Amino acid sequence: MSDNHTLTRSFLRPITGDAHLRPPCEVTCPIHTDVQRYVQLVAEGRPAAALAVVRETNPLPQVIGRICAHPCEEDCRRGQVDEPIAICNLKRAAGDGAGDAGAVTVPPQPEFAGGRQVAIIGSGPSGLAAAHDLALLGVKPVIFEQQPEPGGFLRTGILNFRLPKHILDEDIAYITGMGVEIRTGVSIGRDITLKELDEQYDAVLIAVGLSLSRSIPLPGADLPGVCLAIPFLEDVNAGRDVDLGKEIIVIGGGNVAIDVARAARRLSAGKVTMVCLESDQEMPAHAWEIKDARDEGIDIVCGQGPKAILGDGRVEGLEVKKCESVFDDSGRFAPTFCETELSTIAGDTVIIAIGQMSDLSFVPGNGPELDQRGLLVFDRRRWATTRPGIFASGEVVTGPGAAVNALASGRRAAVSIARYLGLDIKDYPEPEAIGELPRRVREEQVRQAPRRRMPTRPEDERVSDFNEVETGMGEVDARCEASRCLLCGGGARYSQLKCISCLTCVRVCPYGAPTADKDGLVGIDADVCQACGICFTQCPAKAIDLEVVSEQELAARIDAAAAGGGTLEFGCWYPQTRVAPEARAVMLPCTGRLSVTMLLRALEAGAEKVYVAVCSEDDDGHFVHGHRQTRAAVQEARSLLEDIDLEPDLIELKVVAEKKCLKGAAG
Amino acid sequence: MIVTKPKPFRKIKQFTDPHENILVVGCNTCTAVCLAGGEKEAEQLAARIRLHRRRQGLGGSVETVTVLRQCEHEFNEEIAEMVEGRDLLLSTACSIGPQALAERYTGVRVAPAMNTNMLGMVKEHHVWSEYCVACGDCGIYKTGGICPIARCAKQLFNGPCGGSQGGRCEISPDVDCVWQQIHDKMVSLGLEDDLKKIMGPKNWSWSNHGGPRTLKKEGFQP
Ligand SMILES: Cc1cc2nc3c(=O)[nH]c(=O)nc-3n(C[C@H](O)[C@H](O)[C@H](O)COP(=O)(O)OP(=O)(O)OC[C@H]3O[C@@H](n4cnc5c(N)ncnc54)[C@H](O)[C@@H]3O)c2cc1C
Ligand code: SF4
Ligand code: SF4
Ligand code: SF4
Ligand code: SF4
């Protein structure tokens, strides 16, 4: 035999055919944040490391940790068991925790050696993300922003009580710290033309968002006391005096309308009423935003369309007509009204918050092409306009959405621009998700654990100022919440080359993930596997490894923790209580994933005493049969020690005194 | 399948203590499937030896490598580089493995870390039972598919003996009387009359009573 089969195989890291499948949270996140990894680091109590993981894909981690629309949570597999992981809140917890721990992150210092420069119009999330990524690629970005301060709608739209300005400032400072230049107070079209930018820079990115409020041609719309959402929010956010009356009517049912109403609630002692076409269930605002608004005493009148703003010289009220349906059969927005069912809502101020649109007046006739609706003609694959070298990203081309979508488009545009500039870089990755949890696992095997709630200041207190409403999960709660994560797709990987079809994994897996047929092991189903690690500890051919905390990583952690001698604790994430608080610890999702070899390794690597924690006396713990496996391994290791005339008590099993996590939300 | 069991460490250390540079050689076939001497167990044994040697103040090195099947020279060939400079090869294969190593690596001392126990079958995870003794003349057609040589304490051909009590063997109440099982099986197959025929003596020369066996099919050797 000429090639080195057996030898090389024994150094192979186990893999499987579906190793490329990623957890659905990551796949759904528009920037494909490695959610599982940062959530895991929060669970372990390593917020600074968690923040660093978030940063790998997200240039505005603290901002997004506060205001993300978190589509990821809709697909989180924990939601199939009870409720999704509070993915967004945990991102904030990573930032808060890192801050509390005094961790300072120094931004990378890319070299802009090639002399290439890109002009970016707009400093919203899309422009900032593109700038960040281009800078990392060594291309110098210069952002032009018409407002006095950068941030786009994050600054001029979203209010301080949801996103404190200092948080936005911190995230932006990181980006400018990388050498991204932001020239504020410069309006393209007014101060510099698009043509000039096109000539002076190697490429231009239009990321101007949707800066104009839409209005409705209502009778009375020109009365004093009527205003539009975006200018109103800009004033409030800039701290300018806003003259609001005592009864405020907000027209609109989306997230922006909610923000307007909540701002009005804080500025006026009077009543705030939202009026929207949609029924309660159809409202476009997120359920949690609607709840926040209602909690703050805002009235929401659903199913009504504005007919006229009433008043003589000053707003006195809004006449509304009953809305019969909002969407047509094909789901398009096409409201129908009953013109005879009218009513009046009294009020002295009307704020119209029915949508935003772009201002592309700076695009000259011979520049990038606009379509008949006045929108940029645009290649969605390359984020390119019809003019070579001029690209576009963010809401100006995607339409309204969430900030994280704007980030995603900015990042993809950066890739496209870099390629246009001749850089050889890979496509933006588009991962594929693992499937659903099988019913038996979901209904019978995964322990229920209630989601932790984000604490907020009391309603009566918070409506009297613009300070942040959500106060952040404390460390204990954040870690408990994070440890609810099912590590989807983070479990067993097996190598077909190394597998000897011994069937051990088939016999020991409590969830039935590995299957075999008459020809041997068929595979380990990633949808089913819960990452308990039991098969990994027992596979005699070492054909199995774990995706999350692989053998190599585990060995490295053991070696590091045991190096100085002393006591080592193999702890478990879930109870969050240590059995040997003074000892150095290797924290794991269940100690059931420790093989005898790994226990012995701790002693070999220098530990003088090893504690192995389990969170209860029973067989299961967090995973089915997890503790049974831990006990068996400890017992075996102890008898092996005795066998070599060493004290079996060098390795000892201990049950944690108190479980902070598994008790449930009330505990 | 061949089922092995690790020797007690007090035996193993007698082999390893006098040596300096030890290579524990695992086998990833039978001895791995019976969870005794595959790659994982070989690594674990190496860890134990290292801990022991450290405690005894013995120097040297203990490393490990595993081949797919130690009973084939081609596989053992692959580890030549790793064998270089060792003074002991400790095999976790069935006893064929260390003998194969000894044949190939003539200058190095070889030791078995395992006892080769039986030809057996897994009953449940980590439980093995003996089913065959490699007699060379399988007769289970006549005994309901159950081997009385491997599974009767007295290797009777015409059982049961008088020690069969309530379905148990007289050697221990934990051991089933295999002749009771054979009887029950033949009854259930409607073949109890066959049991009344005396089985003649067996040709033991086909087992290793006839000296070491070699099998060869002529004409196919390349
Ligand atoms: C009130 C409000 C609340 C929101 N709440 C949330 C939320 O909770 N969660 C969430 O995910 N998303 C939220 N969003 C949406 C989010 O803010 C947007 O998705 C995001 O800001 C869009 O990013 P962008 O980069 O495309 O554009 P923008 O953020 O709009 O940035 C565009 C920038 O370009 C500048 N600009 C425009 N024209 C010119 C020019 N000619 N010259 C120079 N500069 C120019 C603008 O001043 C602006 O700063 C909210 C939006 C609003 C309005
Ligand atoms: S349980 Fe964890 S890994 Fe799975 S989808 Fe939810 S956050 Fe992602
Ligand atoms: S950025 Fe938003 S969508 Fe992505 S993981 Fe974070 S909360 Fe979820
Ligand atoms: S336990 Fe056995 S069947 Fe499973 S992967 Fe390992 S060698 Fe293959
Ligand atoms: S034993 Fe655990 S890690 Fe292995 S396949 Fe089953 S669930 Fe996954």
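Projected onto the charge dipole of the range A:277-378 (+1 at Lys/Arg Cβ, -1 at Asp/Glu Cβ, origin at the Cα centre), which of A:A308, A:F362, A:S330 gives the Cα projection farthest towards the positive end?
A:F362
Pulled fully out, how much extra length does the chain show between B:M82 and B:W206, if you take 0.36 nm times their separation in residues and subtract their Cα-Cα distance? Kindly include the intermediate steps, with their values, before the conclusion.
Details: separation 124, 0.36 × 124 = 44.64 nm, distance 3.90 nm.
Once the chain is fully extended between B:M82 and B:W206, it gains 40.7 nm.
Go through A:M598, A:L646, A:A583 and say which Cα lies farthest out towards the positive end of the charge dipole of the range A:551-662; charges sit on Cβ, +1 for Lys and Arg, -1 for Asp and Glu.
Going by the Cα projections, it comes out as A:A583.
Name the residues of the range B:70-92 whose accessible area falls by at least 50 Å² when all protein chains are present instead of the chain alone, probe 1.4 Å?
In the range B:70-92, residues shielded by partner chains: B:E78.
Could you please report the charge total around A:V326, scoring K, R as +1 and D, E as -1 over all other residues with beta-carbon less than 14 angstrom from its beta-carbon?
Numbers: positive: A:K321, A:K322, A:R332; negative: A:E278, A:D280, A:E282, A:E324, A:D328, A:D329.
Result for the local shell: -3.
Which order do the peptides A:191-198, A:514-521 come out in when sorted by mean C-beta neighbours inside 10 angstrom, highest first?
Order by mean packing, descending: A:191-198, A:514-521.
In µm²/s, what is D for the protein assembly as shown at 25 °C and 0.890 mPa s, where D = kT/(6 pi eta Rh) by Stokes-Einstein and Rh is the Kirkwood radius from Cα pairs?
Estimated diffusion coefficient is 75 µm²/s.
For the protein assembly as shown, what is the mean residue ellipticity at 222 nm derived from helices alone (per DSSP H run of n ≥ 4: -39500 (n - 2.57); sum divided by total residues; nearest 500 deg cm²/dmol)? Could you put the intermediate results ahead of the total?
Numbers: 31 runs with 271 residues, N = 889.
Per the formula, -8500 deg cm²/dmol.
Take each complete run of DSSP H in chain A, measure how far its Cα atoms stretch along the helix's own axis, and keep only those covering 20 Å or more with mean Kyte-Doolittle hydropathy at least -1.0; list them.
On the way: long enough: A:403-420 (25 Å, 0.40); A:626-643 (26 Å, -1.05).
Membrane-span-like by this criterion, though nothing is claimed about a membrane: A:403-420.
Mind checking the mean number of beta-carbon atoms from other chains within 10 Å of the Cβ atoms in A:592-598?
Numbers: counts 0, 0, 0, 3, 6, 9, 2.
Mean partner-chain Cβ count within 10 Å for A:592-598: 3.
Provide the per residue accessible area, probe 1.4 Å, for the range A:551-662, rounded to a whole number of square angstrom.
Value returned for the range A:551-662: 36 Å² of accessible area per residue.
Only bridges whose two residues both fall in chain B count here: according to DSSP, what percent of them are antiparallel, nearest 5?
45 percent
Residues of B:124-133, mean number of Cβ from any other protein chain within 10 Å of their own Cβ, rounded to a whole number? If you can, show how the numbers build up before the last one.
Working: counts 1, 6, 5, 0, 0, 0, 0, 0, 0, 0.
Across B:124-133, the average partner-chain Cβ count within 10 Å equals 1.
Pop the C-beta distance of B:A102 and B:N158 into the FRET formula with R0 = 41 Å and round what comes out to the nearest 0.05.
Working: r = 42 Å, r/R0 = 1.02.
E between B:A102 and B:N158, to the nearest 0.05, is 0.45.
Taking the highest mean first, how do the peptides B:2-12, A:556-566 order by number of other beta carbon atoms within 10 angstrom per residue?
B:2-12, A:556-566
Output the antiparallel fraction of DSSP beta bridges having both residues in the protein assembly as shown, as a percent to the nearest 5. Kindly include the intermediate steps, with their values, before the conclusion.
Working: 43 of 106 bridges.
Among the beta bridges of the protein assembly as shown, antiparallel pairing accounts for roughly 40 percent.
Does the range A:223-354 classify as rounded, prolate or oblate by the C-alpha gyration tensor (a ≥ b ≥ c root eigenvalues; a/c under 1.5 gives rounded; else a/b over b/c gives prolate, otherwise oblate)?
It comes out oblate by the Cα gyration axes.
Divide, for the range B:2-117, the radius of gyration over alpha carbons by 2.2 N^0.38 Å, where N is the residue count. Don't jump to the answer; show the numbers that get you there.
Details: Rg = 12.6 Å, N = 116, 2.2 N^0.38 = 13.4 Å.
Relative to the 2.2 N^0.38 Å estimate, the range B:2-117 comes out at 0.94.
Between B:S61 and A:D559, what is the FRET efficiency for a Förster distance of 22 Å, r being their Cβ-Cβ separation, to the nearest 0.05?
0.80
For chain B, what is the relative contact order in percent, using Cα pairs closer than 8 Å and at least 6 residues apart in sequence?
17 percent
In peptide B:31-41, what is the residue-averaged number of other protein chain Cβ atoms found within 10 Å of each Cβ?
Whole-number average of other-chain Cβ neighbours for B:31-41 is 5.
So how strong a dipole does the range A:407-514 carry about its Cα centre when Lys and Arg Cβ are +1 and Asp and Glu Cβ are -1, to the nearest 20 debye?
My answer is approximately 760 debye.
Is the shape of the range A:516-667 rounded, prolate or oblate, going by the alpha carbon gyration tensor and its root eigenvalues a ≥ b ≥ c, with a/c under 1.5 for rounded and a/b larger than b/c for prolate?
oblate
Sort A:591-600, A:366-375 by the packing proxy (mean of other Cβ within 10 Å over each peptide's residues), most packed first.
Order by mean packing, descending: A:591-600, A:366-375.
Using a cut-off of 13 Å between beta-carbons, work out the net charge of the residues near A:G367 (Lys and Arg +1, Asp and Glu -1, A:G367 not included).
For residues surrounding A:G367, the net value is -2.
Give the long-range amide H neighbours of B:A111: residues separated by 5 or more places, or on another chain, with amide H under 5 Å away, using H modelled in the peptide plane at 1.01 Å from N.
For B:A111, whose amide H was placed from the backbone, the distant partners under 5 Å are B:L89, B:L90, B:S91.
Taking a ≥ b ≥ c as the square roots of the Cα gyration tensor eigenvalues, with a/c under 1.5 meaning rounded and otherwise prolate when a/b beats b/c, else oblate, which class fits the range A:413-478?
oblate
At a 1.4 Å probe radius, carbon and sulfur cover how many percent of the accessible area of the protein assembly as shown?
With neighbouring chains kept in place, the figure for the protein assembly as shown is 50 percent.
Cα centroids of the range B:117-180 and the range A:214-238: how far apart, whole angstrom?
Cα centres, the range B:117-180 to the range A:214-238: 93 Å.
What accessible area, summed over both chains, is buried at the B-A interface (1.4 Å probe, Å², nearest 100)? Don't skip to the answer; put the middle values down first.
Working: alone 13590 and 28610 Å², together 39350 Å².
Its buried surface, counting both partners, is about 2900 Å².
Given the range A:223-354, what percent of its DSSP beta bridges are antiparallel, to the nearest 5?
50 percent
The values are calculated or read from the model by the stated rules, or taken from the named source; none is laboratory data. Since this is a predicted model, take the numbers as computed values, not measurements. Because the Cβ atoms are built from the backbone with ideal geometry, glycine has one as well, and the counts that use them run over all protein chains shown. Keep in mind that these areas ignore ligands, DNA and RNA; they rest on the heavy atoms of the full protein, side chains included. Shrake-Rupley method; radii C 1.70, N 1.55, O 1.52, S 1.80 Å.
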